[in-house]
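All remarks here apply to the structure that follows.
The values are calculated or read from the model by the stated rules, or taken from the named source; none is laboratory data. All of these numbers come straight from a predicted model, not from anything done at the bench. Reconstructed Cβ throughout: ideal geometry from the backbone, glycine too, with neighbour counts over all protein chains shown. Note: areas computed on protein heavy atoms with side chains; ligands, DNA, RNA excluded. Shrake-Rupley method; radii C 1.70, N 1.55, O 1.52, S 1.80 Å.
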Amino acid sequence: MYTNIKSEDYEQEKQNMKNKKVYWDYVDGVVDTNINYLDNENIKYNYSFIYAMEKQTDSSYSISDYDIYSSCDVTNAEEYSAYGLNETLYTYMLENRTAPIYGTILSIGLLIVIAIYLFWSIGHKEGEEGISLNSIDRVPYEVLVFVCLMILSIALAVTANIGRTINYVFLLVGALGYLVCYAMCAIIGVTTIKRIKAKKFIKSFLVYKIVRWCYRKLKILFDTLDEKTTENKKLFWYYLLFIVISIMLACLFYTGIAIILLIGFWIWAYYKIKKYILDQEKIKKALKDIYEGKNDVRLNEDELRGALKEMAIYVNDIANGFSNAIQESLKSERLKTELITNVSHDIKTPLTSIINYVDLLKKENIQDEKVKEYIDILDKKSQRLKKLTEDLVEASKVSSGNVKLNFESIDIKELFNQTIGEFKDRFEDKDLKIEVGMPESDIKIKADSRYLYRIIENLFSNITKYALEGSRVYIDVTENNKNKDNTNSNNSHNYINISIKNISKDKLNISSDELMQRFVRGDKSRYTEGSGLGLSIAKSLTEIQGGKFNIIIDGDLFKAEIDWPMSQ
Amino acid sequence: MYNILVVDDDKEIVGAIEIYLKKEGYNILKAYNGEEALDIVNSNEIHLIILDIMMPKKDGLETLEDLRKNKTIPVILLSAKSEDYDKIGGLNLGADDYITKPFNPLELIARVNSVLRRYVSFGSLKKEEEGNVYKTGGLVVNDDTKKVTVDGKEVKLTATEFNILKFLLQNKGKVYSIPQIYENVWNEEGFGAENIIAVHIRHIREKIEINPKEPRYLKVIWGVGYKIEDEK
């Protein structure tokens, strides 16, 4: 016996409890109670309970073995208690059974009307055609639903736990919670309808997008397989073969030999790929060489296979075409030089006679001043023609690179001392003062001494012809270091700068580029001596020896600049 | 009286050369192709041949080759071909000198004189070798008499020019830079006198060379120095 009653006399207590206002007893399938709706007639109200009790009677722990007595103080509590409320409501419901049915039908009707209206109106904006979607509608559908449901369930959990406690704060939180719940439902509902109406419902699923992406990638993969010549197709099958063989060998793992075979297969595959990449490198290098201007690039086509072989054939074709073009252009340059040389030979023979007989005429004892003057003109012009022929041959030879260079170590100071010595009398004749600026240390450069002298000679000869009499000529040689902060390092960037400046006698109404072109000279000089090839020859001779030749004209200042790489 | 054979297919050039050389007192024979030239050489005593290269029938180089099989007559090639390899080729075939067209009549005369002097007075040089004599080719410097002769013809040099030439000739074949020449000739270091030496050397060249721009003896190696060519 389990009880919380302290008294010893249980029969007495039982009787006491029975005497209280409400009691309920179950003896041999008959209920003895003073609650009128829990008597035998209304026992179906608690049918399940009775059923459970009757079931128990079969077992050893038959319910008949137990009497349960419980009591509670219900004084003045009847009308407030939940029990009482339920009782009242039940009584009301029993009396008005039909009322809820009408209410329900009305509600459902209204719901349908509203739902139809909503479904019809959602997504339409005033003054806009079609369905307008906002940012929420673009969120993948299942993501949106998941997030909304999460928020909804949190809100619901919070709200539900507040229970029936009546407190204003809790009431407010509860109300907000329900509001959130409804909002979530509304969002899901509205967006679902909008998506359906915009015919984007399925498309808005993330899963759909992923599936579509995969489908497209696969489609591209398989589409390329349809093309007959692509390397993709090959790659696909090779790769498939690789995987299949790997899986097959992996399945045979327990044999032990399969492990070795698998590893061997992988290494073999690695070397195959490596060879492919190395062959590709060869082609890349060949292309780079061609790009850099080497014309003896040839790939061994037999060493390569498949597409690489094809590429090698194309590269070789390009290289062949390239070197053929170079050969052709060299040949045509050589032919041009040859033509000019031959023509000049043909000119030289009659010119020899002209010069000689003009010279003989000069020696005749001619009194007539006019005849003397004419002979003088003939003399000058024939001499100029001679110079022109010689320079023409040289210019064509030099500009076509048709000269043999013999490089030796040249001391710039010595060169200028010698050259100035050669020209001293001619400078003095024109009253030109030479101002030389040289660095203290010896400057050595690599050059063909004869051609280097020709460059300086041409410039000096121009000065004696075109410089303003009585002016100064500046010759400056400077050592230049391209990386001045790091003089100890690589010297290959060092070069010397030779600058020769003079003041022109005549106005230089011509650009420096034009001056360096063949046969172009400053206006006035066209009527005096010279062929107009001097600067062009000097420029070509500088360039074939690796230097840079530049003319700068600034007003009457004529400046020739030569940058020459310094020898180590 | 020396007999000079002038060979050129251009009659006017032959005519002009004839006028110039006759004025110098030479006897001129004329030919207009290589075969004619060889015929004349075989039937006359010829002391010098001026030979054009580009000629019909037999060109100058073929003629020279045939000639050199049994004759040592000096030959001056006269050609419009002015390339280095043309000159070297001609000289290697046995020519004694090479003149390019169009030529300066004075240069032609000087070269003719020079070649003839060398050829004819070859034996008389021995006499001059006594005493302090330095020589290369036809250039002879006598330190005792302070005389300089080129192919037997005396050349007047200033004292400075003589000293420089003597120094270079004493060390023929070697290249000397301006400061080295200054140190050796003046026995002191020369600063600021650099292009004076260069001027002197140009003057020497103008005096001893027939064509100072293409010197035979006193060579300029631009950017390096000067040297006297060592001719055997």
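Within the range A:220-228, identify whether any single residue is open to solvent by 80 Å² or more (accessible area, probe 1.4 Å), outside any loop (DSSP other than H, G, I, E, B) and charged (D, E, K, R), and answer yes or no. Steps first, please.
The first filter runs over the range A:220-228 and keeps only residues open to solvent by 80 Å² or more (accessible area, probe 1.4 Å), leaving A:220, A:222, A:226-228.
Then drop every residue that is not outside any loop (DSSP other than H, G, I, E, B), which leaves A:220, A:222, A:226.
Filter again for charged (D, E, K, R), leaving A:226.
Yes; the residues of the range A:220-228 include at least one that is open to solvent by 80 Å² or more (accessible area, probe 1.4 Å), outside any loop (DSSP other than H, G, I, E, B) and charged (D, E, K, R).
Do any residues in the range B:164-189 that are more than 14 Å from chain A (Cβ to nearest Cβ) have Cβ atoms under 6 Å from those of residues that are open to solvent by 30 Å² or more (accessible area, probe 1.4 Å) and β-branched (Val, Ile, Thr), where the two are at least six apart or on different chains, and which pairs are they?
Listed pairs, sorted by first residue: B:PHE167/B:VAL185.
In the set A:ILE500, A:ILE463, A:ILE496, which member is touching a Phe, Trp or Tyr at 6+ places or on another chain (Cβ under 6 Å), among the β-branched types (Val, Ile, Thr) and modelled with pLDDT of 80 or more? I'd like the intermediate steps shown before the answer.
Values: A:ILE500 fails: touching a Phe, Trp or Tyr at 6+ places or on another chain (Cβ under 6 Å); A:ILE463 fails: touching a Phe, Trp or Tyr at 6+ places or on another chain (Cβ under 6 Å).
Sole residue among the options that is touching a Phe, Trp or Tyr at 6+ places or on another chain (Cβ under 6 Å), among the β-branched types (Val, Ile, Thr) and modelled with pLDDT of 80 or more: A:ILE496.
Taking A:THR341, is it without any contact (Cβ under 8 Å) to a residue 12 or more places away in the chain and in a helix (DSSP H, G or I)?
Working: without any contact (Cβ under 8 Å) to a residue 12 or more places away in the chain: no; in a helix (DSSP H, G or I): yes.
The answer is no for A:THR341.
Checking B:ASN92 against (1) open to solvent by 10 Å² or more (accessible area, probe 1.4 Å); (2) within 14 Å of chain A (Cβ to nearest Cβ); (3) polar (S, T, N, Q): exactly one of these is not met. Which one?
B:ASN92 satisfies all of (1) open to solvent by 10 Å² or more (accessible area, probe 1.4 Å); (2) within 14 Å of chain A (Cβ to nearest Cβ); (3) polar (S, T, N, Q) except (2).
Can you tell me how many residues within the range A:356-412 are assigned to a loop (DSSP other than H, G, I, E, B), touching a residue at least 40 places away in the same chain (Cβ under 8 Å) and more than 12 Å from chain B (Cβ to nearest Cβ)? I'd like the intermediate steps shown before the answer.
Kept after step one, since they are assigned to a loop (DSSP other than H, G, I, E, B), are these residues of the range A:356-412: A:364-368, A:400-406.
Among the residues that remain, those that are also touching a residue at least 40 places away in the same chain (Cβ under 8 Å) are: A:400-403, A:405-406.
The next check asks that each one be more than 12 Å from chain B (Cβ to nearest Cβ); those that pass are A:400-401, A:405.
Total satisfying the criteria: 3.
Could you list all residues from the range A:330-343 that are more than 14 Å from chain B (Cβ to nearest Cβ) and open to solvent by 60 Å² or more (accessible area, probe 1.4 Å)? Quick ask: steps written out before the conclusion?
First, pick out the residues of the range A:330-343 that are more than 14 Å from chain B (Cβ to nearest Cβ): A:330-333, A:335-336, A:339.
Across the range A:330-343, the qualifying residues are A:LEU330, A:LYS331, A:SER332, A:LEU335, A:LYS336, A:LEU339.
Give B:ILE13, B:ILE19, B:ILE28 a once-over and let me know the one that is surrounded by fewer than 17 Cβ atoms within 10 Å (Cβ to Cβ), over 20 Å from the mean Cα position of the chain (by Cα) and modelled with pLDDT of 90 or more.
Values: B:ILE13 fails: surrounded by fewer than 17 Cβ atoms within 10 Å (Cβ to Cβ); B:ILE28 fails: surrounded by fewer than 17 Cβ atoms within 10 Å (Cβ to Cβ).
Criteria check complete, one pass: B:ILE19.
Show the residue pairs meeting these rules: Cβ distance below 8 Å; 6+ apart or different chains; first residue within the range A:429-441 and among the acidic types (Asp, Glu); second residue assigned to a loop (DSSP other than H, G, I, E, B).
A:ASP431/A:GLU469; A:ASP431/A:GLY470
For residues in the range B:203-230 being crowded, with 20+ Cβ neighbours inside 10 Å and within 11 Å of another protein chain (Cβ to nearest Cβ), which is nearest to B:GLY137 (Cα to Cα)?
Among them, the one singled out is B:ARG205.
Each row is one residue, and each column tells you yes or no for (1) among the hydrophobic types (A, V, I, L, M, F, W, C); (2) loosely packed, with under 15 Cβ neighbours inside 10 Å; (3) within 30 Å of B:TYR85 (Cα to Cα).
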| site | (1), (2), (3) |
| --- | --- |
| A:ASN406 | no, yes, yes |
| A:SER409 | no, yes, yes |
| A:PHE416 | yes, no, yes |
| A:PHE423 | yes, no, yes |
| A:PHE427 | yes, no, no |
| A:LYS430 | no, no, no |
| A:LYS433 | no, yes, no |
| A:VAL436 | yes, no, no |
| A:PRO439 | no, yes, no |
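Mind listing just one residue for me: the one in the range B:61-79 that is touching a Gly at 6+ places or on another chain (Cβ under 7 Å) and over 15 Å from B:ASP97 (Cα atoms) and, of those, surrounded by the fewest Cβ atoms within 10 Å (Cβ to Cβ)?
Among those that are touching a Gly at 6+ places or on another chain (Cβ under 7 Å) and over 15 Å from B:ASP97 (Cα atoms), it is B:GLU62.
Can you find even one residue in the range B:135-146 that is within 14 Å of chain A (Cβ to nearest Cβ) and either outside any strand (DSSP E or B) or at pLDDT 85 or above (or both)?
Going residue by residue through the range B:135-146, those that are within 14 Å of chain A (Cβ to nearest Cβ) are none.
No: zero hits.
In the list A:ILE313, A:ILE247, A:ILE243, which residue meets the criterion of being in contact with an Asp or Glu (Cβ under 9 Å, 6 or more places away or on another chain), part of a helix (DSSP H, G or I) and not polar (S, T, N, Q)?
Working: A:ILE247 fails: in contact with an Asp or Glu (Cβ under 9 Å, 6 or more places away or on another chain); A:ILE243 fails: in contact with an Asp or Glu (Cβ under 9 Å, 6 or more places away or on another chain).
Unique residue meeting the criteria: A:ILE313.
Quick one: which helices (runs of 4 or more DSSP H) sit completely within the range B:1-73 and have at least 3 residues that are within 18 Å of A:ASN356 (Cβ to Cβ) and within 13 Å of chain A (Cβ to nearest Cβ)?
Numbers: elements: B:11-23, B:34-43, B:60-68.
By residue number, B:11-23.
Which of the residues spanning the range A:411-445 are basic (Lys, Arg) and more than 14 Å from A:ASN497 (Cα to Cα)?
Looking only at the range A:411-445, we keep the residues that are basic (Lys, Arg), and these are A:413, A:424, A:426, A:430, A:433, A:444.
Those that are basic (Lys, Arg) and more than 14 Å from A:ASN497 (Cα to Cα): A:LYS424, A:ARG426, A:LYS430, A:LYS433.
Scan the range A:257-304 residue by residue and report those that are touching a residue at least 24 places away in the same chain (Cβ under 8 Å) and either in contact with a Gly (Cβ under 6 Å, 6 or more places away or on another chain) or farther than 30 Å from A:GLN327 by Cα (or both).
Across the range A:257-304, the qualifying residues are A:ALA269, A:TYR276.
With respect to A:ASP346, determine if the residue is part of a helix (DSSP H, G or I), exposed (fewer than 14 other Cβ atoms within 10 Å of the Cβ) and within 9 Å of chain B (Cβ to nearest Cβ). Please lay out each step first, then the result.
Working: part of a helix (DSSP H, G or I): yes; exposed (fewer than 14 other Cβ atoms within 10 Å of the Cβ): yes; within 9 Å of chain B (Cβ to nearest Cβ): yes.
Yes: the conditions hold for A:ASP346.
Kindly indicate whether any position in the range A:175-183 is within 16 Å of A:ILE136 (Cα to Cα) and among the small types (Gly, Ala, Ser).
Start the filter on the range A:175-183 by keeping residues that are within 16 Å of A:ILE136 (Cα to Cα), which leaves A:183.
Okay, now just the ones that are also among the small types (Gly, Ala, Ser), so A:183.
Yes: one or more hits.
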